[in-house]
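Every number here is computed from the coordinates shown, using simple stated rules; none is lab data. Treat the numbers as computed from the prediction; the structure is a model and nothing was measured. Using ideal geometry, Cβ is built from the backbone for each residue, glycine included, and neighbour counts are taken over all protein chains shown.
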Amino acid sequence: MYTTLISAEDLRALLTNGPAVRLFDCSFDLMSPAAGREQYENGHIAGAIHADLDADLSDKTGPDRACGGRHPLPSRERLAAWLGRNGVTPDTQVVVYDRQGANYCGRLWWMLKWCGHEAVAVLDGGLQAWQALGGALESGPGTPAAPAAFVLHSPLARTADTAAIARRLGDPALTLIDARASARFRGEVEPLDPVAGHIPGALNRPFGDNLGPDGRFKPAQQLRDEFRALLAGRDPATVVHHCGSGVSAIPNLLAMEVAGLGRAALYPGSWSEWCNTPGLPCARSQFSGT
């Protein structure tokens, strides 16, 4: 069972000799939502199904969605039905990937854990690592999977909501880590949400800091050292990860797990929900600029 990362080499061996594997291509572009589907159809790993952040991994209108923000989580029941329609069973090894540094595929990795499915891994280095290995691609709309029976189990991932975080601001047993780019965190720019800044007391680790120059996650020891330096003595068990809309926070959450620091909690609504909730404080860092 692969539960965090899988290398391109191990994926190739798994597809050749291993048990049933279900591949999901989660390529996406926040600024051009149709681009992910176009990228998928231009070339994807054979057998992969496209998972669209907006259409499949979010629920922006349903009455039973699990959080707010720009990319609200669907209910676990709705997600389970989608997984079943796409051929995932309780025994399926799932592998997810994208072309954007695990920014979007991490969402589905976490959502499967949230549904109680542990056998899911992120392709380390994404589609680029598969291509560098000489892995074959196919183009076109893809072949639908045969429907299966996906069974919900108790969540294997923890969440925190806006009310709980607001109640605990300043509590040393709560450590918030924001995965957005540093300029957004400081409040210098805000291209997506109506208010610039960050949740008071949050630490900042841009999600791309988890990757090396080759696009793969840094070695476990290096990640462990970097997170311990950021936490500065805080207990990793107190961490709640967030970002703009609960998506790019997950590479930080995954990196902490790869580093052996446990599976931290996620604030799915993130800054987009926080800054749209009346009465909540918003902080901006001091910075120089024109």
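So which trypsin sites (Lys or Arg not before Pro) in region 72-167 end up in coil per DSSP with only 16 or fewer other C-beta atoms within 10 Å?
Answer in residue order: 158.
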Kindly provide log₁₀ I(q)/I(0) values, in the same order as q = 0.16 Å⁻¹, from the Debye equation applied to equal alpha-carbon scatterers of region 57-132. -0.63
Over region 211-257, consider all pairs of different Cα atoms and compute the Kirkwood hydrodynamic radius from their mean reciprocal separation; express it in Å, one decimal. 11.6 Å
Footprinting proxy, 185, 28: sorted fewest to most Cβ within 10 Å, the residues are 185, 28
For residue 183 and residue 81 in one chain, what is 0.36 nm times their gap in residues minus the Cα-Cα distance, to one decimal in nm? 32.9 nm
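For region 30-83, just say rounded, prolate or oblate: build the C-alpha gyration tensor, square-root its eigenvalues into a ≥ b ≥ c, call rounded for a/c under 1.5, and beyond that prolate if a/b exceeds b/c, oblate if not.
oblate
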Which length gain, in nm to one decimal place, applies between residue 118 and residue 229 when the Cα-Cα distance is subtracted from 0.36 nm times their residue separation? 37.1 nm
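Step by step: find N for region 162-274, compute 2.2 N^0.38 Å, then divide the Cα radius of gyration by it. What's the final number? Could you put the intermediate results ahead of the total?
Values: Rg = 13.4 Å, N = 113, 2.2 N^0.38 = 13.3 Å.
Against the empirical 2.2 N^0.38 Å value, I get 1.01 for region 162-274.
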If you take the alpha carbon radius of gyration of region 160-203 and divide it by 2.2 N^0.38 Å, what ratio comes out, to two decimals? 1.22
Would you kindly compute the Cα radius of gyration of region 1-133 and its largest Cα-Cα separation (Dmax), both in Å? 14.2, 44
Can you give the Kirkwood hydrodynamic radius of the chain from its Cα pairs, in Å with one decimal? 19.3 Å
With 10 angstrom as the radius, rank 225, 91, 10 by how many other C-beta atoms surround their C-beta, starting from the fewest. 91, 225, 10
